[in-house]
């Protein structure tokens, strides 16, 4: 089994930071999903990659878990937050005057 460890970034449509505080260990699908034309669904013999995501308080905890359970993993570095400049509505017109 292979996995990737990362800290999720904030979604573009939300301003909250709720889902960005914990590190996630997500399994990578190794088998290609097959399509069953009779039942019209996709299937796979492995469950973990699509249904299990483990969350940890720190990157070190996630790495320790992966090492303890013999899981090959790669770690994505934490993304830097972009600086946010607060401005008011009137600031849109000050530069053009």
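Some observations on this one:
Residues checked against (1) touching a residue at least 24 places away in the same chain (Cβ under 8 Å); (2) touching a helix residue (DSSP H, G or I) at 6+ places or on another chain (Cβ under 7 Å); (3) surrounded by 11 or more Cβ atoms within 10 Å (Cβ to Cβ):
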{"residue": "8", "(1), (2), (3)": "no, yes, yes"}
{"residue": "13", "(1), (2), (3)": "no, no, no"}
{"residue": "19", "(1), (2), (3)": "no, no, yes"}
{"residue": "59", "(1), (2), (3)": "yes, no, yes"}
{"residue": "68", "(1), (2), (3)": "no, no, no"}
{"residue": "81", "(1), (2), (3)": "no, no, no"}
{"residue": "86", "(1), (2), (3)": "no, no, no"}
{"residue": "91", "(1), (2), (3)": "no, no, no"}
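- Test for residue 30: is it closer than 28 Å to residue 70 by Cβ, assigned to a loop (DSSP other than H, G, I, E, B), touching a residue at least 24 places away in the same chain (Cβ under 8 Å) and touching a helix residue (DSSP H, G or I) at 6+ places or on another chain (Cβ under 9 Å): yes
- Subset of region 65-94 (residues that are at pLDDT below 80 and either closer than 21 Å to residue 20 by Cα or part of a loop (DSSP other than H, G, I, E, B) (or both)): 79, 80, 81, 82, 83, 84, 85, 86, 87
- Unmet requirement for residue 3, which otherwise passes all of (1) at pLDDT below 90; (2) surrounded by 13 or more Cβ atoms within 10 Å (Cβ to Cβ); (3) assigned to a strand (DSSP E or B): (1)
The values are calculated or read from the model by the stated rules, or taken from the named source; none is laboratory data. Worth saying up front: this structure is predicted, and the values here are computed from it rather than measured. Cβ sites come from the backbone with ideal geometry, for glycine too, and all protein chains shown count toward neighbours.
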